[in-house]
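Engineer: To start, I am sharing the structure in question, which I have written as structure tokens.
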Amino acid sequence: MLKYKFISKSVKDTQELAAKIIAVLKPGDVVLLTGDLGAGKTTFVGGALAQLGFKEHVISPTFNILKCYFEVKPNVFHIDAYRLEGQNIDIGLDEYIEGNGITFVEWPQFIEPLIPSKHLGVSLKRINDEEREIEILDETESYKQLFKTIGEK
């Protein structure tokens, strides 16, 4: 298992880490984002999208479940599964998770049967109003290049 821990001192730090990560990802990659409400999961996705040239403010697709960003290359799919807890998850999300873009999944535990074994885990923990502890996990060691880029700890 590959693991990297990072202390983000600001929103900018979180977004810069996300930018480094998406620069190494390829279509078909899945990033699982875990953490409490307000931990910075959507901020992380915003940083990744900014790296790809997306200029608008990114908001969580909590009520939509899925937001597609076709204006960036590779395409990005942002899933927020929070509202799917205990619900029927056979709503077509697998087509995006297994699709031709990079998929970010917030609250992945609520759609666990849809999650591929090869994925990158990003856990965000709130330290205080500004700081976050971010842990990157690669259980299958599929993202070795990423860990060379950001540094393994």
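The values are calculated or read from the model by the stated rules, or taken from the named source; none is laboratory data. Keep in mind that this is a model prediction, so the values were computed, not measured. Here Cβ is always computed from backbone atoms with ideal geometry, including for glycine, and neighbour counts include all displayed protein chains.
Engineer: What do you reckon, is Arg126 in contact with a Ser or Thr (Cβ under 9 Å, 6 or more places away or on another chain), basic (Lys, Arg) and either surrounded by fewer than 18 Cβ atoms within 10 Å (Cβ to Cβ) or at pLDDT 95 or above (or both)?
Structural biologist: The answer is no for Arg126.
Engineer: Here's something else I'd like to know. Yes or no: segment 78-94 includes at least one residue that is at pLDDT 95 or above and under 20 Å from Leu146 (Cα atoms).
Structural biologist: No; the residues of segment 78-94 include none that is at pLDDT 95 or above and under 20 Å from Leu146 (Cα atoms).
So that you can scan it fast, the table gives a plain yes or no per residue for (1) under 14 Å from the mean Cα position of the chain (by Cα); (2) assigned to a loop (DSSP other than H, G, I, E, B); (3) of a type in the set (S, T, N, Q); (4) closer than 27 Å to Leu84 by Cα:
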| residue | (1), (2), (3), (4) |
| --- | --- |
| Glu112 | no, no, no, yes |
| Ser123 | yes, no, yes, yes |
| Ile134 | yes, no, no, yes |
| Ser142 | no, yes, yes, no |
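Engineer: Anything in segment 109-153 that is closer than 10 Å to Leu2 by Cα and free of Cβ contacts under 8 Å to residues at least 60 places away in the same chain? List them, or say none.
Structural biologist: Within segment 109-153, Thr140, Ser142 meet the criteria.
Engineer: Same structure again: Residue by residue through segment 21-36, note down the ones that are loosely packed, with under 15 Cβ neighbours inside 10 Å and either assigned to a strand (DSSP E or B) or not acidic (Asp, Glu) (or both).
Structural biologist: Ala23, Lys26, Pro27
Engineer: How many residues are surrounded by 13 or more Cβ atoms within 10 Å (Cβ to Cβ), in contact with a Phe, Trp or Tyr (Cβ under 8 Å, 6 or more places away or on another chain) and under 29 Å from Val11 (Cβ atoms) when one looks only at segment 61-98?
Structural biologist: The qualifying residues number 19.
Engineer: Now for a different question. Taking into account only those residues within segment 75-108 that are assigned to a strand (DSSP E or B) and in contact (Cβ under 8 Å) with a residue 60 or more places away in the chain, which is nearest to Gly46 (Cα to Cα)? Walk me through how you get there before you give the answer.
Structural biologist: Filtering segment 75-108 for residues assigned to a strand (DSSP E or B) gives 76-80, 102-106.
Now restrict to residues that are in contact (Cβ under 8 Å) with a residue 60 or more places away in the chain: 102-106.
Details: Ile102: 13, Thr103: 13, Phe104: 11, Val105: 13, Glu106: 13 Å.
Going through the qualifying residues, I end up with Phe104.
Engineer: Let me confirm something: among Ile134, Ile127, which residue is in contact with a strand residue (DSSP E or B) (Cβ under 7 Å, 6 or more places away or on another chain) and under 16 Å from Ile22 (Cα atoms)?
Structural biologist: Details: Ile127 fails: under 16 Å from Ile22 (Cα atoms).
Going through Ile134, Ile127 in turn, just one is in contact with a strand residue (DSSP E or B) (Cβ under 7 Å, 6 or more places away or on another chain) and under 16 Å from Ile22 (Cα atoms): Ile134.
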